[in-house]
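Computed from the coordinates by the stated procedures, all read-outs in this text should not be read as laboratory data. Computed from a predicted structure; not experimentally measured. Note that each Cβ is placed from the backbone with ideal geometry, even for glycine, and that neighbours are counted across all protein chains shown.
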Amino acid sequence: MAKIIDGKKISQEIKAELKEKVAVLKAAGKTGALAVIQVGEDPASSVYVRNKKNACAYIGIESLAYELPESTTEAELLKLIEELNQKEEVKGILVQLPLPGHICEDKVIQAISPKKDVDGFHPQSVGAMTIGEKGFLSCTPAGIIQLLKRSDVDMEGKHCVVIGRSNIVGKPMALLMLRENATVTIAHSRTKNLPELCKQADILIVAIGKPRFIGAEYVKEGAVVIDVGIHRNENNKLCGDVKFDEVESIASAITPVPGGVGPMTIAMLMSNCVQSIEED
Ligand code: GUN
């Protein structure tokens, strides 16, 4: 039976460490706020935004909420971002994605000052990560690296297969695993012989976006399996991209859904906010 990698517990440890760091920074006169912008009322986004505000309160940094109507224009949103870029006390700016269809996400991401880009989505942040320079790391992939490190999973020289090539998970995930000296393969929806390829992985990171897609036939005995997916099944219960019940008996370690990768994303967002306050 696989060891369950407890993301909830590990994220709590990280947030407790950050809370102490924030207290030390405060005593030295260093404070700052995270601006959280949501456009429209997508229910999933509302849950994420609430969790992010709660995490700020827990570690002791201020959050400024901007809940804008669905009808907000791109120009209005860009103007708000520019104001927040100029505001001294704002050390991080987060625009919750997805945005309504009439707003160009790339334009919005690029409007955020790289100094305040705590999501790590700005091309400058992505470029810095790619060449190993300092900058904000994309939160979900950075959270997965922390999960592996804090669970004593050795990455050096291991074959890591990442399924998914999105800009916010798959691509940065592959680069961060490379930084840890893993041998990395990126697979995606057009990859041929996906089960055979995945079966070669020592570490399998699944961000395919399809509920319960990965079963036993994709997993090598003793592999470490990280499930980035989050979906609601027909009974309104949360599930991942992996058939947990099938894979648990084959893997050596596996993340559950919920309570695996999800809480780590927020912990790493908080880590980026603290980094921003520290470096300013
Ligand atoms: N939507 C889904 N994941 C994320 C994330 O990590 N950051 C933001 N801003 N929006 C998201």
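Computed from Cα positions, the angle between helix 74-86 and the longest principal axis of the chain comes to roughly 70 degrees.
The dipole here belongs to the range 140-186: it is taken about the Cα centre, uses +1 on the Cβ of Lys and Arg and -1 on the Cβ of Asp and Glu, and is about 200 debye.
Computed from Cα positions, the angle between helix 170-179 and the longest principal axis of the chain comes to roughly 80 degrees.
Would you mind calculating the relative contact order of the range 43-119 from Cα pairs under 8 angstrom and at least 6 residues apart, reporting the percent as a whole number? Intermediate values should be presented prior to the final figure.
Details: 46 pairs, mean separation 23.8, N = 77.
For the range 43-119, the relative contact order is 31 percent.
Here the range 86-137 and the range 1-62 have alpha carbon centers that stand 18 Å from each other. Along the range 121-133 the Karplus relation, 6.51 cos²θ - 1.76 cosθ + 1.60 evaluated at θ = phi - 60°, assigns HN-Hα couplings of 9, 5, x, 5, 5, 5, x, 4, 4, 4, 9, x, 8 Hz to successive residues, with x for each Gly and Pro.
Over the chain, Cα pairs under 8 Å with separation of 6+ residues give a relative contact order of 22 percent. Please give the net charge around GLU279, taking every other residue with its beta carbon less than 12 angstrom from that of GLU279, where Lys and Arg add +1 and Asp and Glu add -1. Charge balance in the 12 Å sphere: +3.
Would you work out which of ILE266, ILE226, PHE244 lies farthest towards the positive end of the dipole of the range 125-275? Charges go on Cβ: Lys and Arg +1, Asp and Glu -1. Value: ILE266.
Which ordering of PHE121, PHE136, PHE213 is given by a fewest-first count of other beta-carbon atoms within 10 Å?
On the way: PHE121 23, PHE136 28, PHE213 17.
Starting with the residue having the fewest Cβ neighbours, the order is PHE213, PHE121, PHE136.
The Cα atoms of the chain give a gyration tensor whose axes a ≥ b ≥ c have a/c of 1.5 or more with a/b greater than b/c, which makes the shape prolate.
Counting only residues at least eight positions apart within a chain, or on another chain, the lysines with an alpha carbon under 29 Å from that of LYS21 are LYS8, LYS9, LYS30, LYS52, LYS53, LYS87, LYS91, LYS115, LYS116, LYS134, LYS149.
How would you rank TYR58, TYR48, TYR218, going from fewest to most other Cβ atoms within 10 Å of each one's own Cβ?
On the way: TYR58 16, TYR48 19, TYR218 25.
Fewest-to-most Cβ neighbours within 10 Å comes out as TYR58, TYR48, TYR218.
Under a 5 Å amide H cut-off, with hydrogens placed 1.01 Å from N, ALA33 pairs with VAL90, LYS91, GLY92 among residues at least 5 apart or on other chains. Along the chain, the exposed loop sites are trypsin sites (Lys or Arg not before Pro) outside DSSP states H, G, I, E and B with at most 10 other Cβ atoms within 10 Å, and the longest stretch free of them is 1-133.
First select every other residue whose beta carbon is under 11 angstrom from the beta carbon of VAL118; then total the charges, Lys and Arg +1, Asp and Glu -1. Surrounding charge for VAL118 is +2.
Hull volume per residue, based on the alpha-carbon atoms of the range 55-152 and their convex hull, is 126 Å³.
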